[in-house]
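Comments concern the structure below.
The values are calculated or read from the model by the stated rules, or taken from the named source; none is laboratory data. None of the values given here were measured: they were computed from a predicted structure. Every residue, glycine among them, receives a Cβ derived from its backbone with ideal geometry; neighbour counts consider all protein chains shown.
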Amino acid sequence: MELTNCSNCGAVFAKNVIDVCPSCHREEEKAFQVVYTFLRKQKNRAAVLAEVVEATGIEEKLIIKFLKQNRLRTSQFPQLAYPCESCGEPILEKKLCQKCSAQILTKWDVAKEQVQQPEVDTKKRPNYYRLNDNEKD
Ligand SMILES: [Zn+2]
Ligand SMILES: [Zn+2]
C-alpha cells in the first residue's frame, strides 16, 4: 500500500485515484453538489467564476479543480473561464491556454532534439530501451 499526502490538508492516506484524503474528499463532494445545484438553475447558467464563488461560498480553487476534472463542463457553462496556469489568461479547457501549450510543445521539441543529439553510443543501449522510445513517438 502506497501512502501519500492529501493535497488539501496534508493528512497521510492510502494512495488511490483521488488526490485528497477521504475526509477532504467528502467535503469536496459536498462542495461540488452546492456548486452544481447552483449552476443547474437556468438563471445561473451564465454566471462567471467570481459570481459562483460569491453565491456558493465555495473556494475558487476548488471550483477550478472541478472544471479541470471536467466535472463541471465549460461546454454547459461557457462563462466559467478560469485562469491559464502559466499566464493567467481565461481559458475553458485543460490547464493552459493555447499560446502557453504551444510554447511548451516547442520546448518539448527542443528538449527532444537535445536528447537525440548524442547518438554516439546508441548501439550500446539495450534493445528494449529503443523499443520504448519508439512507442512514445
Ligand atoms: Zn485532507
Ligand atoms: Zn497561458
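Do the conditions hold for Pro83, that is, is it more than 16 Å from ligand 1 (Cβ to nearest atom) and surrounded by fewer than 13 Cβ atoms within 10 Å (Cβ to Cβ)?
no
Only one of (1) more than 16 Å from ligand 2 (Cβ to nearest atom); (2) touching a strand residue (DSSP E or B) at 6+ places or on another chain (Cβ under 7 Å); (3) under 29 Å from Val12 (Cα atoms) fails for Glu60. Which number is that?
(2)
Any residue in region 63-79 that is farther than 24 Å from Val17 by Cβ sitting within a Cβ distance under 6 Å of a residue that is surrounded by 12 or more Cβ atoms within 10 Å (Cβ to Cβ)? List the pairs, counting only those 6 or more apart or interchain.
Listed by first residue and then by second, the contacts come to Phe77/Leu39; Gln79/Ala46; Gln79/Val48.
Please go through region 10-52 and give me each residue that is assigned to a helix (DSSP H, G or I), surrounded by 12 or more Cβ atoms within 10 Å (Cβ to Cβ) and aliphatic (A, V, I, L, M), ordered by number.
Passing the criteria: Ala31, Val34, Val35, Leu39, Leu49, Val52.
When you look at Lys94, is it of a type in the set (D, E, K, R), at pLDDT below 90 and touching a helix residue (DSSP H, G or I) at 6+ places or on another chain (Cβ under 9 Å), yes or no?
When the stated conditions are applied, Lys94 passes them.
In the set Lys99, Lys94, Lys65, Lys61, which member is assigned to a loop (DSSP other than H, G, I, E, B) and among the charged types (D, E, K, R)?
It is Lys94.
Go through Lys15, Lys43, Lys112, Lys99 for me and flag whichever is among the charged types (D, E, K, R), under 20 Å from the mean Cα position of the chain (by Cα) and over 30 Å from Met1 (Cα atoms).
It is Lys99.
If you check Glu2, Glu29, Glu51, which single one turns out to be touching a helix residue (DSSP H, G or I) at 6+ places or on another chain (Cβ under 9 Å) and either free of Cβ contacts under 8 Å to residues at least 40 places away in the same chain or not hydrophobic (A, V, I, L, M, F, W, C) (or both)?
None of the other options fit; the residue is Glu51.
For region 5-55, which residues satisfy the criterion of being within 15 Å of ligand 1 (Cβ to nearest atom), in contact with an Asp or Glu (Cβ under 8 Å, 6 or more places away or on another chain) and farther than 17 Å from Arg71 by Cβ?
Result: Cys6, Ala14, Lys15.
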